[in-house]
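Enquirer: Here you go, one structure.
Coordinate-derived values only; no laboratory data. Just so it is clear, the model here is predicted, and its values are computed rather than measured. Note that each Cβ is placed from the backbone with ideal geometry, even for glycine, and that neighbours are counted across all protein chains shown.
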Amino acid sequence: MSSDKIKMKMRNAKLGKKQSSEHIEKRINRLKGKKRKPFSEETKEKMRLAAKNKQKMECEYCHIILVPYNYSKYHGEKCKLK
């Protein structure tokens, strides 16, 4: 069997079946309260420096300063103010 057929077979086996309330509770409890540890001062400083040193570009039509991936996606020749 191909992987697509196997995926469809697995999907169809579970399609229409309701999850038990016990399973739903377990899933909720597993995802509740997951919190990250706060960043250390050293890590925060590294993040600040990385953000500050990113290459920036200015759109020649709307004069907004952007990072390169946003410039290439929305500005330059594609700018709405062109």
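Enquirer: What dipole magnitude, in Debye to the nearest 20, does the range 4-82 give about its Cα centre under +1 on Lys/Arg Cβ and -1 on Asp/Glu Cβ?
Expert: The dipole of the range 4-82 has a size of about 740 debye.
Enquirer: Would you kindly derive the ³J(HN,Hα) couplings of the range 46-58 from the backbone phi angles with the Karplus curve 6.51 cos²θ - 1.76 cosθ + 1.60 (θ = phi - 60°), listing them in order in whole Hz, with x for Gly and Pro?
Expert: So the Karplus estimates, Gly and Pro as x, are 4, 5, 4, 5, 5, 5, 5, 8, 5, 5, 10, 10, 10 Hz.
Enquirer: Set the bar at 28 Å for Cα to Cα. Now go through 54/82; 5/26; 26/46 and name every pair that lies beyond it.
Expert: Values: 54/82 26 Å; 5/26 30 Å; 26/46 38 Å.
Checking Cα-Cα distances, 5/26; 26/46 exceed 28 Å.
Enquirer: Same structure, new question: What are the residues whose amide H is under 5 Å from the amide H of residue 66, where those residues sit 5 or more places off or on another chain and H is modelled from the backbone?
Expert: Correct list: 57, 58, 59.
Enquirer: Continuing with this model, one more query. Report the Stokes-Einstein translational diffusion coefficient (µm² s⁻¹, integer) for the chain, Rh taken as the Kirkwood radius over Cα pairs, at 20 °C with viscosity 1.002 mPa s.
Expert: For these conditions, the coefficient is 114 µm²/s.
Enquirer: Measure nothing but the geometry: give the 0 to 90° angle between the long axis through the Cα atoms of 3-14 and the longest principal axis through the Cα atoms of the chain, rounded to 10°.
Expert: Long axis of 3-14 versus the principal axis of the chain: about 60 degrees.
Enquirer: Another one. What is the sum of charges, Lys and Arg at +1 and Asp and Glu at -1, for the other residues whose Cβ falls under 15 Å from the Cβ of residue 74?
Expert: Working: positive: 56, 73, 78, 80, 82; negative: 58, 60, 77.
Net of charged neighbours comes to +2.
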